[in-house]
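Just so it is clear, none of the values below were taken in a lab; they were calculated from the coordinates. What you see is a predicted model; the values in this text were computed from it and never measured. Counting neighbours? That spans all protein chains shown, and the Cβs are built from the backbone with ideal geometry, glycine included.
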Amino acid sequence: MKIYEYKGRKNLCGRRVKEARARRDITQAELAARLQIAGVTMERDSVSRIEIGTRFVTDYELTVLAKVLGVSMERLTEQED
């Protein structure tokens, strides 16, 4: 599998995930637990790697992240200027 990056990151949503998580005042571990309850197997270190842009995010993970964080998928993938 070829590893792709866009502007040095492996996802578009990491910064927005971090923002949404911070607004809800939940830790990375709490977010990982909520994702697991929703059916996505993810540990705290994976949440960290998503937020710093070193981990790919699958479409089903993005869907559940948006739901758990109470934001739209479009919001999570908005490009920054």
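General observations
- Options (1) 91; (2) 77; (3) 145 - which one matches volume of the Cα convex hull per residue in Å³ as calculated here: (1)
- Approximating the spin labels as points 7 Å out from Cα along Cα→Cβ, the Glu5-to-Arg44 distance works out to 2.7 nm.
- Here the peptides 18-27, 43-52 are ranked by packing, the mean other Cβ count within 10 Å, and the order with the highest first is 43-52, 18-27.
- Full-stretch length increase - Ile26, Ser72 - with 0.36 nm per residue and alpha-carbon distance subtracted: 14.8 nm
- Nearest 10 degrees, 0 to 90: helix 28-37 Cα axis against the chain principal axis: 80 degrees
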